[in-house]
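**Q** Got a structure for you, questions after.
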Amino acid sequence: MSARLISHNWETTFLHLFEYAAEELIIVSPFISREPVEALSKALCQRREMRLRCVLNCSASHVLSGGVDGEAVALLTKTCPQTSIFHLGGLHAKVYIADRKIALVTSANFTWSGWLRNREVGVWLDEPDLVRDAYQWVQGVQQISTPLEEEDLDRLAQISATLQAAPAASSFSTKQKEATEAIREVLLGARVRAAQANQRVGGQFSPSMSENRIFASTILYLLETQGPLTTQALHPLIQALHPELCDDTVERIINGVRFGKRWKHMVRNAQQYLKRTGQIAYNPRRREWAIIEPEQTD
């Protein structure tokens, strides 16, 4: 059986998926809540050596609304010591993979609503080529995602809890703005830290080079997955994936002269770097950027 449609019994389906995971379980879901995490933790309690990878959308609106439960994520990291958590803005896909043998592609988030309340549909895959394609898609998504460390997760949970404890309705709006900005700082710091990990200049980290690296990898991902794109088309796609980096309120100013949005200037730098290194090319007639395919050799 290569694929079968699933439209109900989601709790049973996920528990069945967990049974197949002996070495690695991948969870790609914008939202995550405590109930499914507790079920997973119970299933993993005897499999301490298993690797767990989660790609979530930890944007401020998701964290503050409870769509991403910080305490639930913390529970995962305690249950499975080999847990890696990633954040990707704009994430909407839901993909679950057990040991590269089974893939579940569905509309269901890793939440109580996704399991028991919502009307969801999905496809259970066990055909090797299809599972491999799903796994490679996850690898590509992970490359442009932000790895979050334990301190980041603790901070996100703390920020959310502080907002929920806001005493008066009159102060909620102010607290929400402060919490939103604090979450953006956490995610931005984590993203730049990841890019800086293997890139130093004169023994010191270079934030501008780190941002260039982030934008370059994202441009390559978008051109590889969507084909040739104009700069105008690239901009909203990049901003959706990295809202923390693409702040429209920050302009590039030199000697008092404004040169437009800073992040768009960084995108241009990344495009020129990729062109200079022979990874992408620009078609002036179509005004599109495209991946340069490597020459085939006999």
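No lab work stands behind these numbers, since they all come straight from the coordinates. Bear in mind the structure is a predicted one, so any value in this text is a computation, not a measurement. Cβ: placed from backbone, ideal geometry, glycine included. Neighbour counts: every protein chain shown.
**Q** How do THR146, THR174, THR83 rank when sorted from fewest to most other Cβ atoms within 10 Å of their own Cβ?
**A** Numbers: THR146 27, THR174 10, THR83 21.
Final ranking by Cβ density, sparse to dense: THR174, THR83, THR146.
**Q** Hey, which lysines would be in cross-link range of LYS264, C-alpha to C-alpha under 19 Å, not counting anything within fewer than 8 residues on its own chain?
**A** Correct list for LYS264: LYS275.
**Q** Which ³J(HN,Hα) values, rounded to whole Hz and listed in residue order, are derived for the range 20-34 from phi using the Karplus coefficients 6.51, -1.76 and 1.60 in 6.51 cos²θ - 1.76 cosθ + 1.60 with θ = phi - 60°, glycine and proline given as x?
**A** Values per residue, Gly and Pro as x: 7, 8, 9, 10, 8, 10, 10, 10, 10, 7, x, 10, 8, 10, 5 Hz.
**Q** Still on this structure, please answer the following. For the chain, count all C-alpha to C-alpha pairs, find those more than 37 Å apart, and express that count as a whole percent of the total.
**A** Values: 9450 of 44253 pairs.
Taking all Cα-Cα pairs of the chain, the fraction more than 37 Å apart is 21 percent.
**Q** Separate question: Taking K and R as +1 and D and E as -1, what net charge do the other residues with C-beta under 13 Å from the C-beta of VAL123 add up to? Could the numbers behind the result be given before it?
**A** Values: positive: ARG4, LYS94; negative: GLU120, ASP126, GLU127, ASP133.
Computed value for this residue: -2.
**Q** Determine the sum of side-chain charges near GLY227: Lys and Arg each +1, Asp and Glu each -1, restricted to other residues whose C-beta is under 15 angstrom from that of GLY227. Intermediate values should be presented prior to the final figure.
**A** Working: positive: ARG286, ARG287; negative: GLU224, GLU288, GLU293.
Overall, the nearby charge balance is -1.
**Q** Less than 20 Å apart at the alpha-carbon level, and either on another chain or at least 8 residues along: which aspartates and glutamates does that give for LYS94?
**A** Answer for LYS94, where 20 Å is the Cα cut-off: GLU11, GLU19, GLU24, GLU35, GLU38, ASP69, GLU120, ASP126, GLU127, ASP129, ASP133, listed by chain and number.
**Q** While we're here: Considering amide H positions built from the backbone, and no H for Pro or chain starts, which residues 5 or more places from HIS87, or on another chain, come under 5 Å of its amide H?
**A** Excluding prolines and chain starts, which carry no amide H, the hits are LEU56, THR146, LEU148.
**Q** I'd like the Karplus ³J(HN,Hα) series for the range 279-292: coefficients 6.51, -1.76, 1.60, θ = phi - 60°, whole numbers in Hz, and an x wherever there's a Gly or Pro.
**A** Working through the residues one at a time gives 9, 9, 9, 10, 9, x, 5, 8, 6, 10, 9, 8, 5, 8 Hz.
**Q** Also, I was wondering about something else. Quick check on the exposure proxy: order ILE292, ILE97 from fewest to most C-beta atoms within 10 angstrom.
**A** With the fewest neighbours first, ILE292, ILE97 line up as ILE292, ILE97.
**Q** Could I ask something else about it? Output the peptides 242-249, 282-289, 26-33 sorted from most to least packed, where packing is the average of other Cβ atoms within 10 Å over each peptide's residues. Display every interim value, and only then the final one.
**A** Numbers: 242-249: 17.2, 282-289: 12.4, 26-33: 23.4.
The most tightly packed comes first, giving 26-33, 242-249, 282-289.
**Q** Sticking with this one: Please arrange HIS92, HIS87 by counting, for each residue, the other beta carbons lying within 10 Å of its beta carbon, fewest first.
**A** Values: HIS92 11, HIS87 26.
The order, fewest Cβ neighbours first, is HIS92, HIS87.
**Q** With N residues in the range 1-142, what two-decimal value do you get for its Cα radius of gyration over 2.2 N^0.38 Å? The partial results should precede the final answer.
**A** Details: Rg = 13.8 Å, N = 142, 2.2 N^0.38 = 14.5 Å.
Rg over 2.2 N^0.38 Å, computed on Cα atoms: 0.96.
**Q** List the aspartates and glutamates whose Cα lies under 18 Å from the Cα of LYS177, skipping any in the same chain that are fewer than 8 positions away.
**A** Straight-distance partners of LYS177: GLU185, GLU244, ASP247, ASP248.
**Q** Which of the peptides 136-142, 38-44 is most tightly packed, and how do the rest follow, judged by the mean count of other Cβ atoms within 10 Å per residue? Can you show the working numbers first?
**A** Values: 136-142: 15.1, 38-44: 17.0.
Sorting 136-142, 38-44 by mean packing, highest first, produces 38-44, 136-142.
**Q** So which trypsin sites (Lys or Arg not before Pro) in the range 46-131 are both in a DSSP loop and have at most 12 other Cβ atoms within 10 Å of their Cβ? Intermediate values should be presented prior to the final figure.
**A** Values: sites: ARG47, ARG48, ARG51, ARG53, LYS78, LYS94, ARG100, LYS101, ARG117, ARG119; in loops: ARG47, ARG48, ARG100, LYS101, ARG119.
Filter output for the range 46-131: ARG48, ARG119.
**Q** Can you run phi through the Karplus equation (6.51, -1.76, 1.60; θ = phi - 60°) for the range 224-240 and list ³J(HN,Hα) in whole Hz, with x for Gly and Pro?
**A** 3J(HN,Hα) across the range 224-240, in whole Hz: 5, 8, 10, x, x, 9, 6, 4, 4, 6, 5, 3, x, 5, 5, 5, 5.
**Q** FRET efficiency for GLN176 and GLU293, Cβ-Cβ distance as r, R0 = 51 Å, nearest 0.05?
**A** Details: r = 47 Å, r/R0 = 0.93.
Once rounded, the FRET efficiency stands at 0.60.
**Q** Tally Lys/Arg at +1 and Asp/Glu at -1 over every other residue whose Cβ is under 13 Å from the Cβ of HIS8; what's the total? Before the final figure, lay out each step's value.
**A** Numbers: positive: ARG4, ARG117, ARG119; negative: GLU11, GLU120.
Counting the neighbours of HIS8, the net charge comes to +1.
**Q** Here's another thing I want to ask about it. Length gain on complete extension for the stretch ALA281 to ASP247, per 0.36 nm per residue less the alpha carbon to alpha carbon distance?
**A** Working: separation 34, 0.36 × 34 = 12.24 nm, distance 2.68 nm.
Roughly 9.6 nm would be gained on extension.
**Q** Something else now. Report, by chain and number, residues whose modeled amide H sits under 5 Å from the one on ILE280, excluding near sequence neighbours (fewer than 5 apart, same chain).
**A** LYS275, ILE292
**Q** Given R₀ = 41 Å, what would the calculated FRET efficiency be for THR231 paired with GLU19, taking r from the Cβ atoms and rounding to 0.05?
**A** On the way: r = 47 Å, r/R0 = 1.16.
Approximately 0.30, to the nearest 0.05.
**Q** Under a crude label model (7 Å from the Cα following the beta-carbon direction), how far is SER61 from ARG184 in nanometres?
**A** Spacing of the two 7 Å Cα→Cβ label points: 1.4 nm.
**Q** What distance in nm lies between label points placed 7 Å from Cα along the C-beta direction at HIS8 and VAL123?
**A** 2.3 nm
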